[in-house]
Amino acid sequence: MGEGSNEVQVDGNRVTLTGRPYQVVTVWVKAQSKMSIEKKKLGGIAMILIPKPREIIYREDCFACAFGTYIVCEEGVEQLPARQLRDCIRQWAGLEVPVVRGRCRRGDIGLALEHGLQEQEYRLMVQAEGIRVLGGGGAGLLYGVQTLCQMVEQKGALLPGVTVRDFPETDRRGYYLDQTRGRVLKPEELKRVADRLCRYKINELQLYVEHTYLFRDLSEMWRDTTPLTAEEILDLDDYCRERHIELVPSLASFGHLYMLLSTKSHEDLCELPDASARPFSFLDRMRHHTVNVSDDRTLPFIKEMLEEYMALFHSDRFNLCADETFDLGKGRSAKLAEERGIHRIYVEYLKELCSFLQERGKKPLFWGDVIAGEPALARELPEGTVCLTWGYAPDQREEESCRMAQAGVPQYLCPGVSGWNQWMNRIGDSYRNITRMCGYARKYHAVGILNTDWGDYGHINHPAHSVPGLIYGAAFSWNGEEIPEEELNRQISVLEYRDASGRLTGLMKELGDCSSFGWYDAVMLYEYVVLGEPGEESDLNELLKARREDITKAGRAAEKLGDLRRELKRTAVCMDSRERGLMQELELTAEGMDVWNNVGLVLLQSADGRVTDEACAFELAARLERWFMAYKEIWRQTGKEGELAHIGEIVFWYADLLRGRKRNRRRSQ
C-alpha cells in the first residue's frame, strides 16, 4: 500500500487503522455501536495516556469546557478526584470550574459510582453534551479522573470525544522505596511520591526501614540518623489512603539489621560477635548483621519492634523482609544450624513472626531469596503469607517465579528501577527488567507487582532519576500490552516532563551509561584500603589496576557526556518552564560522573607509575569538592540529612588523596 493509504484490520471486536499519514489507533467496537470506520487523520485526536487504557473508542465530536461548566459529584463520590480535576482544568485550560454535588446538566462533568463495575474499573465518556466518569468504587473513579486529567493536560478546554473502558490487569501494583540506606525523604517529598503514584494508578507503597524510624526505646540505633517520626508516618498513611494507595509497613526483622546490631546495647543479639567494634561501612552493612535465632531473647525483642511499628498503619499487611540472611548459622547459631539445617532454622523463625502478625490481623509478606532454594518450605508458613519474588537483571530468569508458582505460594513479582550504586539510573536495564518481570507475573498469576527502588551504598541517585522506572512499572502492571522502549520513553518525556521534543527520557537513559569509575568502585576502594576487609586485597594500586578496563573508558565517556550535556540544554527549551528544574539535577549528575571518571583515571595513572601533574590533580580535587557542595544542596531540597555525612567522608578522602595527603587506616588489617 502507498504512503497515503489506510488499512483496516478487523479482529473480533477490534478494528485497527494503520498507514501513513494516519496515526495508528485501535478502536474497540461494541456490537450495538453505530460508529462508522472512516479514513481520517487522527493526529489531532489520539493522546498519550499512561497507563494505556485497555479499551478506547475515538469519536467525531468534542467537548468544550466553558463558563457554566460544573464538576458534579453524585452520591458517594469522594472529594479528592473532583479537587484534582478542578485544579488540572485551572492549570491547563485556564478556566475556573466549580465543584458541586447533585445531578449533572448538559455541559457538566459528572463523577459517579457505577455498581456494575469492579472496584478499580472505570468508564470515561467525553461527548459534546458533557463528560461522565464512572467508577466501580472510589479507586476506579479516581483512576478515571487521572485519565481525564492527562487528556486535559494535552488538549486543554477542547477535549476530543472518546469512550474509555479500563481496568487493571493486576490488582496490586506497588512501589517500594528505600528509606534506610542513605536518603530519608522529607514528609512533603514523600507526599509528592504518593501524588505521582496516584497519577499513574499505583495503589501500594512500601517504605523500606531498618533503623530510620524513631522507635521510642532504641535511641542508640537511630541517634546518628534523621529518622521518620510516628506523626510523619501517620500523616503519610492518611494522605495515601485518600489517594487509594495502601501504605504497607516494611521493617527488617531478620537480616539487614546493621544499625541495631552494631549498637553496644544489642550487639549480643547479632549472629556474629563484636559487631559494635567495627566502624561504619557501606559494604559491611550489605553483608552481615543477621539476628541470632538461637537466642531466646531475639523473638520477643523483634516482636516488640513489629508491634510498635504496625500500630501506625491502617494496612492489614506487613512486610517482614527476612532477606539476605548471609550469616545465619555461621556464628552463634552454628550449633543449631548443624543440628537442624539452615533452611529449617530460617523457616521456623519466619513462621513464628508470620503467626505473630496473623494473630494481630496482619497478612505477612517476606522477600523470597532465601526460601527460593527450598520453595516447598514456604507451604509451612501460615496460609495467606505472600512471597516477594525479586530479580533485577535486565535478562532476569523466571526460574524462581516458576518454582514459587509450582509450590502454590502466593507471590508478588518484584522488578527494580536500577538506581542503586548509580549516579544516574540505568534506565534501559530497568525497562528490560520490569517488562520481563511483569510478563512473569502474568504467566504465573502473581497476586501483585512491587517495583523496587533500593538505596545500596548511600542512595546517591537523585529521587527524580527513578521516575521513568516508576512509570514503566505503572504502565506494565496495569496493561501488559507491549510498548516499545523508545516509544514509551517518548511518551514519558511528553506527559511527565512536558517535553515537546519527546527526547528527554532517552537522553536520561544515555546518561546512565557514561560512568567508568562509579560510586561502587569508589566505595570499594575506600573501604578496602581505609577500613580493611579481612581476606580481601587492600593495596590501592592493585585494586585500581584490577578496574583498568572500565576506568580507561573515561575519555570516551567524557566525549559522550559533553554531547549529552549540550543535547539536554537544547531539550530544556522544549519543556514547560515549570519542569526545567530537573535540568539542574541532570547537569550536576553529568558533572559528577565526569569528575569521578577523571578521579579514577588520575589514580590509575599514579598506580601505573606515571607522573601526574600536581596542579591538575589539585584542580580535580577542588572540582570534586565544588561538585559535592552543590550535590548536598540538591539532596537537602528533598531529603533529610540521612547519611550524607558518610558519603562526604568518602568524597573528601579522594580529594585528599589527589592532593597527596596521607590518610591513616582507621582499623588495622
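The values are calculated or read from the model by the stated rules, or taken from the named source; none is laboratory data. Note that the structure is predicted; figures quoted are calculated from it, not measured. FYI the Cβ positions are ideal-geometry reconstructions off the backbone, even for glycines, and counts take in every protein chain you see. We work out accessible area using only protein heavy atoms, side chains counted, and drop any ligands, DNA or RNA first. Shrake-Rupley method; radii C 1.70, N 1.55, O 1.52, S 1.80 Å.
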(message) Suppose we keep just the DSSP beta bridges with both residues in the chain; what percent of those would be antiparallel, to 5?
(response) 40
(request) Evaluate E = 1/(1 + (r/R0)^6) for Lys569 and Cys62, where r is the Cβ-Cβ distance and R0 equals 35 Å; express this FRET efficiency to the nearest 0.05. (result) 0.40
(request) Just name one of Val293, Pro279, Ser262: the one whose Cα is farthest towards the positive end of the charge dipole of region 260-299 (beta-carbon charges, Lys/Arg +1, Asp/Glu -1). (result) Pro279
(request) Determine the order of Val99, Val467 by accessible area, beginning with the largest, at a probe radius of 1.4 Å. (result) Val99, Val467
(request) Please work out the ratio of the alpha-carbon Rg of region 516-669 to 2.2 N^0.38 Å and round it to two decimals. (result) 1.14
(message) What distance in nm lies between label points placed 7 Å from Cα along the C-beta direction at Asp171 and Arg101?
(response) 3.0
(request) For Ser276, Ser401, Ser265, write out the residues from largest to smallest accessible area, computed with a 1.4 angstrom probe and no ligands counted. (result) Ser265, Ser276, Ser401
(message) Quick check: the angle from helix 427-443's long axis to the longest principal axis of the chain, C-alpha only, nearest 10 degrees?
(response) 70
(message) Only four residue types carry charge here, +1 at the Cβ of Lys and Arg and -1 at the Cβ of Asp and Glu. Report the dipole size of region 85-137 about the Cα centre in Debye, rounded to the nearest 20.
(response) 240
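Determine, from the Cβ-Cβ distance of His115 and Glu641 and an R0 of 60 Å, the FRET efficiency 1/(1 + (r/R0)^6), rounded to the nearest 0.05.
0.75
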(request) Using a 1.4 Å probe and ignoring any ligands, DNA or RNA, find the accessible area of Glu348 and quote it in Å² to the nearest 10. (result) 60
(request) Enumerate the amide H contacts of Glu55 below 5 Å, restricted to partners 5 or more residues apart or on another chain; note that Pro and chain-start residues carry no placed amide H. (result) Arg165
(request) For region 373-515, report the accessible area per residue in Å² (1.4 Å probe, heavy atoms, rounded to an integer). (result) 32
(request) Pop a pseudo-label 7 angstrom from the Cα along the beta-carbon direction at both Asp295 and His445 and give the gap in nm to one decimal. (result) 4.3
(message) Give me a comma-separated list of calculated 3J(HN,Hα) values for region 622-639, in order, Karplus coefficients 6.51, -1.76, 1.60 applied at θ = phi - 60°, integers in Hz, x for any Gly or Pro.
(response) 5, 4, 4, 5, 5, 4, 5, 4, 5, 4, 4, 5, 5, 3, 6, 5, 10, x
(message) Given the DSSP H assignment, sum -39500 (n - 2.57) over each helix run of at least 4 residues in the chain and divide by its residue total; what's the result at 222 nm in deg cm²/dmol, nearest 500?
(response) -13000 deg cm²/dmol
(request) Using a Förster distance of 30 angstrom, determine the FRET efficiency expected from the C-beta separation of Glu348 and Glu220, and round it to 0.05. (result) 0.55
(request) Give me the Debye-computed log₁₀ of I(q)/I(0) at q = 0.23 Å⁻¹ for region 188-236, equal point scatterers on Cα only, no solvent, two decimals. (result) -0.88
(message) Pairs of alpha-carbon atoms within less than 8 angstrom and 6+ residues apart define the contacts here; what relative contact order does region 164-252 have, in percent?
(response) 35
(message) Assuming 0.36 nm per residue, please report the length gained on full extension of the stretch Leu158 to Asp195 beyond their Cα-Cα distance.
(response) 10.8 nm
(request) Pop a pseudo-label 7 angstrom from the Cα along the beta-carbon direction at both Gln584 and Glu625 and give the gap in nm to one decimal. (result) 2.3
(request) Using a 1.4 Å probe and ignoring any ligands, DNA or RNA, find the accessible area of Cys616 and quote it in Å² to the nearest 10. (result) 90
(request) Return one number: the angle in degrees, 0 to 90 and rounded to the nearest 10, between the long axis of the Cα atoms of helix 467-478 and the longest principal axis of the Cα atoms of the chain. (result) 60
(message) Nearest 10 degrees is fine. How inclined is helix 485-497 to the longest principal axis of the chain, computing both from alpha carbons?
(response) 80
(request) Evaluate the relative contact order of the chain (contact order divided by residue number), counting alpha-carbon pairs under 8 angstrom at least 6 apart; express in whole percent. (result) 10
